[in-house]
Amino acid sequence: MDNQVSSNQQSPKDQEQRLDTAFFYGTLMHPSVLTRVILNDGAHLKITPGILKGYTRHHVIGADYPAIIPSSMSHKTFKRTPNEDEDTVRGVIVQGLTPHDMRRLDFFEGGLYDCIKLMAQPFSDFQPLKGVQPEELIKQASPSNNDQLEAIPVLCYVWGLPVYDLEPSIWDYEAFVRDKLARWM
C-alpha cells in the first residue's frame, strides 16, 4: 500500500449528490478535448484557471497525460526536494457539469483515477467555456492572483494506481499542446 495512492476523501459515488464543479489539470484543460470527451459543445459550462495545493503533477509512463499525487508522496517516492511551484498544480476549474458529463468523464478516466472531492482555488471569475481561448485562459493563472479568491469544493481525478507507473518528471501543459494535442483532436 506504500506505493499506491490512497485517500481519506469520500468518493463522489458514495455521496448523495455529486458536485457540478471539477478541477482538471491535464488533457482536459483544453476545451476542445473536454467537449470531445463529454460529447457536447459545453455551452452550459463555465471555466476559470485555478490551482490545487498539496499535489504534484507527474507524467504517466508511456502516456501523453499526467496524474496527480499528494506532494508528500511525490517527495518520498521520487526523492524530490519540496518546491512550492511543484507542490501546487495549475489547471482549470469547470462549473456546471451535468450527470451525463460526469458519466462521460468517469468513463474517459477509466480505472486509473479516483474521483474525489478536494478544494481548489480559482484565479478569476468564471467565464463561458464556449469561445474561450485556452492559451489566454492559462496565461491568467498567475501566482500573484492565487490568494484573491477563496478555495471552492471540486471533484478531481487523483491517481489511483501504484506510483511506480509514474515518471519523476513534472508534466507540462504547454508541451502537451505544442507536441501532442493534435493526436487528441
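The values are calculated or read from the model by the stated rules, or taken from the named source; none is laboratory data. Not measured: the values here are computed from a predicted model. Here Cβ is always computed from backbone atoms with ideal geometry, including for glycine, and neighbour counts include all displayed protein chains. For accessibility, only protein heavy atoms count, side chains too; no ligands or nucleic acids. Shrake-Rupley method; radii C 1.70, N 1.55, O 1.52, S 1.80 Å.
Some notes on this structure:
- Residue ID - farthest from residue 27 (Cα to Cα), chosen from residues in the range 65-76 that are out of contact with any Pro (no Cβ under 9 Å at 6 or more places or on another chain) and surrounded by 16 or more Cβ atoms within 10 Å (Cβ to Cβ): 73
- Qualifying residue in the range 6-21 (condition: open to solvent by less than 20 Å² (accessible area, probe 1.4 Å) and at pLDDT 95 or above): yes
- Among strands (runs of 3 or more DSSP E) entirely within the range 77-185, having at least 1 residues that are among the acidic types (Asp, Glu), open to solvent by 30 Å² or more (accessible area, probe 1.4 Å) and at pLDDT 85 or above singles out 113-122, 166-170.
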